[in-house]
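Take a look at the structure below.
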Amino acid sequence: MQEVYLRLTSYPNTRILSGDMSTQDVKERLALLQGTLDLLILRILVVGSQHGQGIARAIQETSEEELLVEHGALYPALQRLEERGWISAKWGTSSNNRAARFYSLTTSGRKQLLKETTKWKRLAAAIGRILEPEEGEG
Amino acid sequence: MFGRKRKPSDFNAEIEAHIQHESERLREQGLSEEEARSAARRSFGNVMRAEERFFESGRLVWWDNLRRDLRVGVRMLARNPGFTAAAVLTLALGIGANAAMFSLVKGVLLRPLVNQDENRLIYIQQSATGMGVDDVTFSVPEIRDLQASVKTLTEFGDFSEIGFSMIGLGEPRELRAGVVGGTYFEVMGLHPVLGRLLDMRDDGPNAAGAVVLTYRFWSTALKSDPTVIGKTVRLESFGARSATIVGVLEPSIPYPAETEIIANVVTSPHHLSATMVTGRVHRMTELFGRLAPGVTLEQARAELRTVYANMLKDHPDAYAPKDDFRIDARLLRDQVTSRARTLLLVLLAASALVFIIACSNVANLILARTVRRDGELAIRAALGASSGALRRMLLAESLLLCGAGVALGVISAQPLVAILARYASRYSVRALDLSVDYTQVLVGVALAIVAAVILAFVPRLPSSRASNGISLSSGSARVTGSTTRRQRVFAITQIAASFVLLAGASMFIKTLLSLQYARTGMDTEHILALNVPVMTYGKSQEQVSGFYRDAVRKITALPGVDQVAVGTMVPWRDAGTFGPGLQFTGDGYVRASGEEDPRGQMRAISPGFFAALGVPIIAGRDFNDSDRHEPVVIISQSVAQRMFPGRDAVNRHITWTDPVIKFIPGFNSEPRRIIGVSADLDDEHVVPGPLMSIYAPYDQLMFGGRIFVHTHANPYPLVTPITQIIRNMSAEQPVERAATLKDVRAEVLTPNRLNSLVFGVFAAVALAIAVVGVSGVLAFSVSSRTREFGIRLALGAQPGRLLKGVIGEGALMAALGVVVGAASGYTLARLAGSYFSDMKMPSALPVTAAALVLLTAAVVASMLPAVRAARVDVNQALRSD
């Protein structure tokens, strides 16, 4: 299971290290729906092949730092997508001349992205419609 | 590690690359080398966790876990060899017994017969419950009537049994033969292993005599000699005929009777006689049929009943309504196994009980052990093992135990099957060629898995909600109420199951004892019985009886012999030869309206028969050699009481009235004068009753040919000289199956003895396990209450009271077990009774005996722990933990 956290501050290990959660922490973290990270990864890869760190950065930058990818969750997700055949991977050299594992979208991955994007948009729109009036009242 | 596309090292390298990328980026933003790296690591999160997730995404993680758990399990079990040995042995016992029983049930009840298309092969049965006979077989006219009208069967096959003396193939021997029509082998769907079988060319009175040897006879007595085919033998029954051996039958179920040969009808003059061919009530033929294509057993049965009903209407004189004649048909396979079915299912239930007992016992052992392990489990839980992981660990351990148990059980099941098969062959010939196969292993493994899962879920896990502080800190065993309660439930289950088995066993033992010690009225230990069958070939009636007279005279001259006589049948062994007996009447006897004449057993005997068997003559006299011409009889006391109550029977007359007698050579319905009354002698039933018997002098009626020798010496050394005497008189005369009546009785009682033995062993095993179980529970309860006992002793309690308390606990458990066992046993027996007609409820005596045995055993089992409780050292108890 992977989770993507919406964070206002970046203390990713707070929970694990202290073994004790502050109430503040709970408020700051909003877990996104399962499967969202997969969708984001696929979307980033449309532009071209990218390594794990690059994907994480791209998600953060594109979302204007609203979404912070827990890097530890990223790789199992990549692993899973690779096993499903939606992305393929190959060791290569990054722009700063380091070895990195580059991921690129496969044809079935492209189809999956289209399907998931449509689904996500419908879901977002539906949730939006429900939430709108309440916000208006509040 | 197979099945994984990517090595963990590759994954680790990728993570390392990520962290480097990230720290480089952070450095570009102005952080120092050190800061950048640690920030990168921090933002990555727990590297180890990521690696774990990667690892867990593999498809075979469960396998890795299992391997680890199994390794741990092996270590844990090796550290407790006593516990491990006890658990494995108990499980092996439970699993082995079940696997063996199951392969027996499968082999005997479920395996198809070798006969071709055996699921179309049916056995047709005529019953007359009013006459007290379940299977009266058929007469030739009855078979003809059925054959003429029944359309749902393609063919009928007939088989009747007769005794032949066979001369011309090694030593002359008396053998049992099946006499069959030309369709028999085709209907049965059997094949020859040598030569050919009998077919239509061997049918009818004009064919040449032909004989097929059964496989068993050919392979044992004839040592598989292939040259026997084509040899000519002389077969003697009511007259001698010659016949050619044409083939050897494949090994198959000898049903309805195990015979040495199967011959066509011309070999038996009796089968060609008017008696056989026209006598509607002369029934001695078994009937088989083959279902026509597309016809179900139900349809065939329905048609048979219709045709049969018409036949009864056409011949009202032959079928008295009181006799309740009926016809039925069932698959031959079901017919063959019918006798063994109840017994096997009962045995299967018994082994299931043993399995329950074994599992309860091991569950108890495991419970006791988990309580001692509470600390360990709590620590594991605190270190982050989920309850799933703990269960998995426990499951791995119980799997190991059960695996070892099943291995041992299946290995021990092999010889067990052999023993059981020999036992079951008394009930069904199918058990003879039983083999051990893979299903046994499958059943064993299935049972082991069931047991393992049950056992893994028996212990209570340290609850995550409750505070584990105490067990963690002290690390010692604290018994919770629920654990002892569970242990007690298991102990009571064991006792209840053992009780059912014990009650069953004591029921069988009681039956055996009552049979063994039933008074037979005969001096069985000193009477030697020999089969010296009547040989009529080329001899007149006078010559035949002369032969026996001479034989008796010569044998009497042997040293140690008191009395020698000739009779018709060896008691018990030859039982049933004459069916329900023949109808007769006596002077002045008036039968009630609607009643039939009484039936009596007819026996031909020589003078001195009663003296030889040690049966007194109460009135009148014995036969003597001058009784050759006047028709005279001796009757048993029960006949005298029935026919001439309160009057002297001697010199009155008995007349045979049975419609069958006109078919018996040398028999007629003239009145016979009673010259004596003997005490009752029951040679039919192992439990003697007043068997109405009528004895005729063997000069007038020659049947059977059994010689009885009463001796005050050891009977068996006499067999050789007796055989020599007879062979010297006639080289062709068979002399067979010599045994004292005591041994004949023992042989007849073998199935009962085996019943008792098998059940006794089951019950003994169950009792042993249950005793260990009770003792174990109490020992555990005592050892965990050491402090309590110490305090009580310190406060002045008498050790005797503690002792009584613990023993009382054991007795209470046993009593509860007996009550539960009695209740469930009663329900089971009632339930079984609705399926099996021959299911008997055990009487009070064996049940009480079983309860007493269990209670005593429980008290004895509580002794040891009780003594330990009473001897608790106060100082030590108070200081310990």
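The values are calculated or read from the model by the stated rules, or taken from the named source; none is laboratory data. Bear in mind that the values here come from a model prediction, so they are computed numbers and not experimental data. Positions of Cβ are generated from backbone atoms using ideal geometry, with glycine treated the same way; all protein chains shown enter the neighbour counts.
Check B:33, B:24 and return the single one that is surrounded by fewer than 19 Cβ atoms within 10 Å (Cβ to Cβ), within 14 Å of chain A (Cβ to nearest Cβ) and at pLDDT 80 or above. Spell out the reasoning first.
Numbers: B:33 fails: within 14 Å of chain A (Cβ to nearest Cβ).
Result of the check over B:33, B:24: B:24.
Tell me, please, whether a residue that is aromatic (Phe, Trp, Tyr) and more than 7 Å from chain B (Cβ to nearest Cβ) can be found in the range A:70-90.
Yes, there is a match, as at least one residue in the range A:70-90 is aromatic (Phe, Trp, Tyr) and more than 7 Å from chain B (Cβ to nearest Cβ).
Sort through B:370, B:342, B:296 and tell me the only one that's β-branched (Val, Ile, Thr) and free of Cβ contacts under 8 Å to residues at least 12 places away in the same chain. Please lay out each step first, then the result.
Numbers: B:370 fails: free of Cβ contacts under 8 Å to residues at least 12 places away in the same chain; B:342 fails: free of Cβ contacts under 8 Å to residues at least 12 places away in the same chain.
Residue meeting the stated conditions: B:296.
Against the conditions (1) at the interface with chain B (Cβ under 8 Å from one of its Cβ atoms); (2) outside any loop (DSSP other than H, G, I, E, B), where does residue A:96 fall short? Just the number, please.
Status for residue A:96: all satisfied but (2).
Just checking, which of B:548, B:589 is touching a residue at least 24 places away in the same chain (Cβ under 8 Å), closer than 30 Å to residue B:321 by Cβ and of a type in the set (Ser, Thr, Tyr)?
Being touching a residue at least 24 places away in the same chain (Cβ under 8 Å), closer than 30 Å to residue B:321 by Cβ and of a type in the set (Ser, Thr, Tyr) holds for just one of B:548, B:589, which is B:589.
Residues that are at positive phi and surrounded by fewer than 21 Cβ atoms within 10 Å (Cβ to Cβ), at least 1 per element: which helices (runs of 4 or more DSSP H) completely within the range B:252-342 meet that?
Per the criteria, no element qualifies.
Tally the residues that are touching a Gly at 6+ places or on another chain (Cβ under 6 Å) and at pLDDT 90 or above, restricting the search to the range B:709-762.
1
Residue by residue, here is whether (1) not in a strand (DSSP E or B); (2) not assigned by TED's automatic domain parsing to the domain that holds residue B:312 holds:
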position: B:96; (1), (2): yes, yes
position: B:103; (1), (2): yes, yes
position: B:106; (1), (2): yes, yes
position: B:123; (1), (2): no, no
position: B:127; (1), (2): no, no
position: B:142; (1), (2): yes, no
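Taking the range B:166-200, which residues are of a type in the set (Lys, Arg), at pLDDT 90 or above and either outside the structural domain of residue B:139 (by TED's automatic domain parsing) or closer than 23 Å to residue B:239 by Cβ (or both)?
Of everything in the range B:166-200, nothing turns out to be of a type in the set (Lys, Arg), at pLDDT 90 or above and either outside the structural domain of residue B:139 (by TED's automatic domain parsing) or closer than 23 Å to residue B:239 by Cβ (or both).
Hey, among the residues in the range B:825-848 that are at pLDDT 80 or above and surrounded by 18 or more Cβ atoms within 10 Å (Cβ to Cβ), which one's farthest from the chain's Cα centre (by Cα)?
B:847
Picking from B:513, B:582, which residue would you name as being closer than 30 Å to residue B:850 by Cα and under 40 Å from the mean Cα position of the chain (by Cα)?
On the way: B:582 fails: closer than 30 Å to residue B:850 by Cα.
Answer to the check: B:513.
I need every pair where a residue in the range B:484-511 that is farther than 30 Å from residue B:687 by Cβ has its Cβ under 7 Å from the Cβ of a residue that is surrounded by fewer than 24 Cβ atoms within 10 Å (Cβ to Cβ) and of a type in the set (S, T, N, Q), sequence separation at least 6 or different chains.
B:484/B:781; B:496/B:824
Has the range B:692-709 got any residue that is under 26 Å from residue B:563 (Cβ atoms) and touching a Phe, Trp or Tyr at 6+ places or on another chain (Cβ under 6 Å)?
Looking through the range B:692-709, at least one residue is under 26 Å from residue B:563 (Cβ atoms) and touching a Phe, Trp or Tyr at 6+ places or on another chain (Cβ under 6 Å).
Looking only at the range B:512-539, which residues are among the hydroxyl-bearing types (Ser, Thr, Tyr), more than 20 Å from residue B:174 (Cα to Cα) and surrounded by fewer than 17 Cβ atoms within 10 Å (Cβ to Cβ)?
Those that are among the hydroxyl-bearing types (Ser, Thr, Tyr), more than 20 Å from residue B:174 (Cα to Cα) and surrounded by fewer than 17 Cβ atoms within 10 Å (Cβ to Cβ): B:514, B:517.
Anything in the range B:781-808 that is without any contact (Cβ under 8 Å) to a residue 12 or more places away in the chain and aliphatic (A, V, I, L, M)? List them, or say none.
Correct list: B:795, B:797.
Give me the residue from the range B:117-136 that is closer than 25 Å to residue B:295 by Cα and of a type in the set (Ser, Thr, Tyr) and, out of that set, surrounded by the fewest Cβ atoms within 10 Å (Cβ to Cβ).
B:127
Go through (1) exposed (fewer than 11 other Cβ atoms within 10 Å of the Cβ); (2) modelled with pLDDT under 85; (3) more than 18 Å from residue B:14 (Cα to Cα) for residue A:30 and report which single condition fails.
Condition (1) is where residue A:30 drops out.
The conditions are (1) more than 8 Å from every other protein chain (Cβ to nearest Cβ); (2) closer than 22 Å to residue B:28 by Cβ; (3) assigned to a strand (DSSP E or B), and residue A:101 fails exactly one of them. Which is it?
Answer for residue A:101: the failing condition is (1).
Out of (1) of a type in the set (Val, Ile, Thr); (2) within 16 Å of residue B:91 (Cα to Cα); (3) touching a Ser or Thr at 6+ places or on another chain (Cβ under 9 Å), the odd one out for residue B:370 is which?
(2)
Would you mention how many residues in the range B:215-240 are more than 24 Å from residue B:287 (Cβ to Cβ) and either in a loop (DSSP other than H, G, I, E, B) or basic (Lys, Arg) (or both)?
Residues in the range B:215-240 being more than 24 Å from residue B:287 (Cβ to Cβ) and either in a loop (DSSP other than H, G, I, E, B) or basic (Lys, Arg) (or both): 10 in total.
From the list A:3, A:64, A:82, exactly one residue is within 25 Å of residue B:25 (Cα to Cα) and at pLDDT 70 or above. Which is it?
It is A:64.
Conditions (1) modelled with pLDDT under 80; (2) not basic (Lys, Arg), marked per residue:
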position	(1), (2)
B:284	no, yes
B:335	no, yes
B:372	yes, no
B:375	yes, yes
